[in-house]
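Novice: Here you go, one structure.
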Amino acid sequence: MGTVGCITHKLDFAHLWAVFRERGIGDDEEALIFWTRRNLKPVAKAVSLFMPKLWVMIWTRGAYERETDPELRSRPGTEADMVPIISWKPGVMN
């Protein structure tokens with residue numbers, strides 16, 4: 001399934017480029033991309049219109065299901081399941 005969106009900040013573009021063009025995503029991995037203004041630091045919230053808003057992470061395959069299914073989330077898992085493999089988070093986010 002494809003996704004189409006308008007990327008308006010150069011740092012958001014650079015992070016997506018790093019994930020999909022430079023590093024790539026393995027067969028046992030998936031990319032999770034969060035668009036948010038809530039996680040901006042207080043100083044950045046005042047000018048949020050001009051701030052990057054994408055937090056891009058690569059997780060092991062199945063992370064989305066683990067995070068969104070309450071039954072799977074309550075099961076004990078390894079610590080490796082709880083953290084992304086790699087993350088591109090703008091410095092203006094908490």
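The values are calculated or read from the model by the stated rules, or taken from the named source; none is laboratory data. Only a predicted model underlies this, so the values are computations on that prediction, with no experimental measurement involved. No Cβ is skipped: glycine too gets one built from the backbone with ideal geometry, and neighbour counts run over all protein chains shown. Just the protein is used for accessible areas: all its heavy atoms, side chains included, with ligands, DNA and RNA removed. Shrake-Rupley method; radii C 1.70, N 1.55, O 1.52, S 1.80 Å.
Novice: I need the fraction of alpha carbon pairs in the chain separated by more than 21 Å, rounded to a whole percent.
Specialist: Roughly 40 percent, rounded to a whole number.
Novice: Leaving out ligands, DNA and RNA, and with a 1.4 Å probe, what % of the accessible surface on the chain is carbon or sulfur?
Specialist: 59
Novice: Give me the accessible area of E71, 1.4 Å probe, in Å² rounded to the nearest 10.
Specialist: Surface open to solvent at E71 totals about 120 Å².
Novice: So what's the net charge close to W35: Lys and Arg +1, Asp and Glu -1, counting the other residues with Cβ under 14 Å from its Cβ?
Specialist: Summing Lys and Arg as +1 and Asp and Glu as -1 gives +3.
Novice: First select every other residue whose beta carbon is under 15 angstrom from the beta carbon of F50; then total the charges, Lys and Arg +1, Asp and Glu -1.
Specialist: +4
Novice: Quick check: with the 1.4 Å probe, what order do M93, M82 take by accessible area, largest first? Numbers along the way, then the final one.
Specialist: Details: M93 10, M82 125 Å².
Descending order: M82, M93.
Novice: OK, next. Could you pull the accessible area for K89 with a 1.4 Å probe, rounded to 10 Å²?
Specialist: Here the residue's solvent-accessible area equals roughly 80 Å².
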